[in-house]
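What follows is a set of notes on a single structure, which appears directly below.
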Amino acid sequence: MNIEILVHPTQEPLSLADVYGHLRLDPEGSPPEHPLDSLLRAHIVAARQMVEQHTRRSLCEQTLRLSRACFETYDQSAICYRPFFELLRPPLISVESVQYYDVDNTLQTIDPVNYFVSADLVARLYFKSSYTLPLTYSRSDAVQVTYKTGYHAYGGSPIESSAADVPEALKSAMKLHVQMLYDELMPDEQVRVLDAIESILSPYRVHTY
């Protein structure tokens, strides 16, 4: 199984203004600017990626592709076994497509009427019992699910809604990580910051493989 990011986030949960306030910086001008804005933007991206890796979640909207060699993975807790895909890095926004390479190594798309998605934190995509799973070509990415993830409050502009819906605790962890990257902290101070980040993120970690 493999997951790749097809479309990276076009925004971040934190703005430069958020970081200015946390680091007690004094930007100038209108709109406010700071000589180290480029560095701060890079730190924000690094902080978001750290939170995503630590919690196994997606913060702002992005498009992922999950692929594996075949359909056959079964839910052993179900009365009737049926193949499913666990759509990792929640929260799920939407499933864009389910595709497979047929025996002739030609990419085919499965009609959405043939599958459905559970409402779990880590959503699962199931195929309906009436659907006969097709044979696939022998390759590591024979079956592919493309889907969007990230915190996304429907209504309003995408930039405002998605960033605003990220839990404040995760934003706080990002601010601490930015501070650790920006400030010249002593080793004991770094340990305290890392402990604080771990304490904040631990309840948000998604426990799945």
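Can you confirm whether the range 80-87 contains a residue that is surrounded by fewer than 20 Cβ atoms within 10 Å (Cβ to Cβ) and either modelled with pLDDT of 95 or more or within 22 Å of the chain's Cα centre (by Cα) (or both)? Yes, there is a match, as at least one residue in the range 80-87 is surrounded by fewer than 20 Cβ atoms within 10 Å (Cβ to Cβ) and either modelled with pLDDT of 95 or more or within 22 Å of the chain's Cα centre (by Cα) (or both). Pairing each residue of the range 191-202 that is over 14 Å from LYS171 (Cα atoms) and at pLDDT 95 or above with any residue that is among the hydrophobic types (A, V, I, L, M, F, W, C) and surrounded by 16 or more Cβ atoms within 10 Å (Cβ to Cβ), provided the two are 6+ apart or on different chains, yields C-beta distances under 9 Å for VAL193/LEU176; VAL193/MET180; LEU194/LEU176; LEU194/MET180.
The set of residues in the range 122-148 being aliphatic (A, V, I, L, M) and either closer than 22 Å to LEU6 by Cα or in contact with a Phe, Trp or Tyr (Cβ under 8 Å, 6 or more places away or on another chain) (or both) consists of VAL122, ALA123, LEU125, LEU133, ALA142, VAL143, VAL145.
When residues in the range 46-61 are screened for being hydrophobic (A, V, I, L, M, F, W, C), modelled with pLDDT of 95 or more and either touching a Ser or Thr at 6+ places or on another chain (Cβ under 7 Å) or part of a loop (DSSP other than H, G, I, E, B) (or both), 1 of them pass.
Within the range 11-53, the set of residues being loosely packed, with under 13 Cβ neighbours inside 10 Å and either within 13 Å of the chain's Cα centre (by Cα) or not assigned by TED's automatic domain parsing to the domain that holds HIS177 (or both) comprises just one member, GLN53.
Counting only helices (runs of 4 or more DSSP H) wholly contained in the range 94-209, the ones carrying 3 or more residues that are under 17 Å from GLU12 (Cα atoms) occupy 158-164, 168-182. Put simply, of ALA173, ALA142, ALA123 the only residue that is within 20 Å of ALA47 (Cβ to Cβ), surrounded by 11 or more Cβ atoms within 10 Å (Cβ to Cβ), touching a residue at least 12 places away in the same chain (Cβ under 8 Å) and among the hydrophobic types (A, V, I, L, M, F, W, C) is ALA173.
The values are calculated or read from the model by the stated rules, or taken from the named source; none is laboratory data. These numbers were taken from a predicted model, which means no experiment stands behind them. Neighbour counts are summed over all protein chains in view; Cβ atoms, including those assigned to glycine, are modelled from backbone coordinates with ideal geometry.
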